[in-house]
1. Kindly establish whether residue B:308 is free of Cβ contacts under 8 Å to residues at least 12 places away in the same chain, part of a helix (DSSP H, G or I) and surrounded by fewer than 22 Cβ atoms within 10 Å (Cβ to Cβ).
2. Which condition number in (1) over 23 Å from the mean Cα position of the chain (by Cα); (2) in contact (Cβ under 8 Å) with a residue 40 or more places away in the chain; (3) in a loop (DSSP other than H, G, I, E, B); (4) at the interface with chain A (Cβ under 10 Å from one of its Cβ atoms) is the one that residue B:2 fails?
3. When residue A:218 is evaluated against the numbered criteria (1) buried (at least 20 other Cβ atoms within 10 Å of the Cβ); (2) in contact with a strand residue (DSSP E or B) (Cβ under 8 Å, 6 or more places away or on another chain), which criterion, by number, is the only one it fails?
4. Checking residue B:230 against (1) under 27 Å from residue B:204 (Cα atoms); (2) surrounded by fewer than 16 Cβ atoms within 10 Å (Cβ to Cβ); (3) at pLDDT 90 or above: exactly one of these is not met. Which one?
5. Among (1) touching a residue at least 60 places away in the same chain (Cβ under 8 Å); (2) under 22 Å from the mean Cα position of the chain (by Cα); (3) not in a loop (DSSP other than H, G, I, E, B), which single condition is residue B:282 missing?
6. Looking only at residues that are free of Cβ contacts under 8 Å to residues at least 24 places away in the same chain and within 14 Å of chain A (Cβ to nearest Cβ) in segment B:14-33, which one is nearest to residue A:38 (Cα to Cα)?
7. So, residue B:381, is that one touching a residue at least 12 places away in the same chain (Cβ under 8 Å) and either buried (at least 23 other Cβ atoms within 10 Å of the Cβ) or within 19 Å of residue B:418 (Cα to Cα) (or both) or not?
């Protein structure tokens with residue numbers, strides 16, 4: 001199976017690339033940093049002996065980015081798996097932040113994924129089997145004053161994947177959506193984790209690959225985040241407004 | 001976007017001797033490392049297994065390099081592998097051993113990183129035959145804000161290359177390095193054990209074993225009891241040519257960290273307890289066979305399966321004294337060191353010996369002679385007596401290992417390392433602002 005991983009140079013994307021390569025997948029790795037993505041690719045080729053192509057492209061580049069990833073995936077004979085462990089946060093992601101920051105957060109966390117899936121969907125439908133895997137965030141379970149645009153983008157992404165899952169009914173495409181809690185990546189490094197230890201991105205990557213053939217819908221990782229997020233939604237506004245999350 | 005996250009962390013040297021809070025960053029992309037500015041003192045950190053505080057300082061930003069752990073290139077024809085600095089030696093062994101290569105001078109703990117091996121110029125089980133780590137380094141990719149990212153080797157930028165190998169991370173952040181591997185003929189080792197009654201017997205048997213076997217080292221009981229002081233075993237080992245493994249090269253093990261090593265509130269070692277544990281150990285040893293077959297991992301990294309040894313030192317930690325003694329003065333050193341330990345009732349736990357061969361330069365722990373290691377429980381009495389060993393080492397022309405001692409004073413280093421001043425000058429010439437600093441460099445006035 002050929003798979004494309006968008007956001008493959010570090011954290012969850014790198015762990016996922018490694019797990020897929022260990023299972024014999026041929027890969028197209030996409031990330032903005034050329035040196036980082038080349039280092040990941042070299043490591044995977046040497047350790048696992050799989051075919052790995054790289055695309056150093058910025059999702060902010062819109063059509064040029066789409067053209068570039070299409071070109072490289074075609075070189076590999078197309079892809080059947082699309083994985084989006086891409087994400088970015090900003091220090092000043094609050095109402096009243098710079099428009100450029102908000103635009104970038106929205107593009108990286110939501111629009112780039114929607115555009116890429118839209119672009120590749122017809123190709124995936126032609127495949128005998130295909131899978132699209134997205135990654136949300138527990139931050140999207142309830143809007144807060146911090147990470148406002150990031151949370152909104154991730155909640156939008158959750159909704160989009162819900163739509164995709166229904167659209168995929170009757171096709172050869174499986175749609176999966178994971179909601180990770182704190183992961184031990186640079187995104188969460190130094191963040192307040194409220195006594196819940198960050199989980200290993202490798203453990204999540206293993207779970208994703210293990211469940212690729214299953215119709216799991218939305219899955220929280222670790223599983224205890226589901227009741228926490230559900231409970232958070234029911235906290236009364238009079239109390240929630242006072243919380244510093 | 002989000003600034004590179006920095007957190008405040010509590011750091012402990014592996015021997016438990018230095019504890020400091022410092023700001024820490026954990027980059028996972030090259031551009032994050034290259035955003036290190038020239039305005040804040042900085043020091044790179046790998047696994048954190050140095051006994052001295054070589055990878056942190058309360059004044060420096062600590063750059064945790066463990067995300068940089070990829071294999072970048074490997075040529076099976078030449079046996080040259082290029083790896084990132086944060087790769088552990090176990091991870092490297094896992095990759096190269098099935099391809100018929102290894103490094104016979106891996107240090108004794110599997111979670112030590114390649115950057116750490118270069119910075120401390122580590123050695124393995126028979127430095128007499130295999131030398132020290134610097135001899136295996138072909139080139140280094142080094143980042144320093146004043147010079148950017150450069151690939152340096154002995155032929156180009158020779159001075160900086162030499163300063164970096166065994167330079168304790170003071171020339172910049174090592175991003176990656178190419179290493180010259182050695183062919184591996186099997187993945188099991190056979191060890192012949194020779195019991196010895198004292199250090200003098202151990203010395204003679206170690207000398208003989210070094211000539212006969214690819215690996216040779218001794219270990220001894222050094223708790224302060226005259227009757228049993230120095231009894232031990234000399235191990236002579238060879239790789240079993242053509243041996244294969246059915247399981248994994250790297251079995252499951254539970255890594256120890258400087259923090260987990262120090263979790264136990266009290267030291268189990270010390271006083272009569274050491275003696276009691278050693279009695280049981282020798283009783284069990286007596287019933288064991290004198291020829292042992294081990295898989296490569298257990299042979300290369302004996303402490304991976306013996307984490308209790310370190311945990312037993314507890315929160316207060318251990319004091320390791322490792323020194324190379326000129327061969328002709330080895331007997332004198334051993335008898336005088338024994339006298340110091342016994343007279344002062346120093347809390348000795350384990351001693352070890354191996355022969356060493358190398359040319360001393362800059363601050364590298366390399367010299368011809370006998371490498372002697374003493375591990376003590378870190379008690380006040382022992383710490384007060386260590387200057388007596390310092391004096392003996394200075395008188396005898398020994399070379400203490402700076403990475404194994406978080407205490408050793410600058411005056412002792414100045415007396416034992418003739419190039420301390422040259423190293424200081426070379427570092428200042430290369431980097432007038434002395435951006436890369438650690439507690440170790442501060443202690444040595446570098």
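1. Working: free of Cβ contacts under 8 Å to residues at least 12 places away in the same chain: yes; part of a helix (DSSP H, G or I): yes; surrounded by fewer than 22 Cβ atoms within 10 Å (Cβ to Cβ): yes.
So residue B:308 passes the test.
2. Single failed check for residue B:2: (2).
3. (1)
4. For residue B:230, the exception is condition (2).
5. Only one criterion in (1) touching a residue at least 60 places away in the same chain (Cβ under 8 Å); (2) under 22 Å from the mean Cα position of the chain (by Cα); (3) not in a loop (DSSP other than H, G, I, E, B) is unmet by residue B:282, namely (2).
6. Kept after step one, since they are free of Cβ contacts under 8 Å to residues at least 24 places away in the same chain, are these residues of segment B:14-33: B:19, B:29, B:31.
This time we only want the ones that are within 14 Å of chain A (Cβ to nearest Cβ), so: B:29, B:31.
Details: B:29: 11, B:31: 14 Å.
Looking at residues that are free of Cβ contacts under 8 Å to residues at least 24 places away in the same chain and within 14 Å of chain A (Cβ to nearest Cβ), I get B:29.
7. Working: touching a residue at least 12 places away in the same chain (Cβ under 8 Å): yes; either buried (at least 23 other Cβ atoms within 10 Å of the Cβ) or within 19 Å of residue B:418 (Cα to Cα) (or both): no.
Answer is no for this residue.
Quick grid of which residues meet (1) within 21 Å of residue A:114 (Cβ to Cβ); (2) without any contact (Cβ under 8 Å) to a residue 40 or more places away in the chain:
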| position | (1), (2) |
| --- | --- |
| A:178 | yes, no |
| A:181 | no, no |
| A:185 | no, no |
| A:188 | no, yes |
| A:203 | no, yes |
| A:215 | no, no |
| A:221 | no, no |
| A:225 | no, no |
| A:232 | no, no |
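The values are calculated or read from the model by the stated rules, or taken from the named source; none is laboratory data. Remember, predicted model here, so these are calculated numbers, not experimental data. Please note: Cβ atoms are built from the backbone with ideal geometry, for glycine as well, and neighbour counts cover all protein chains shown.
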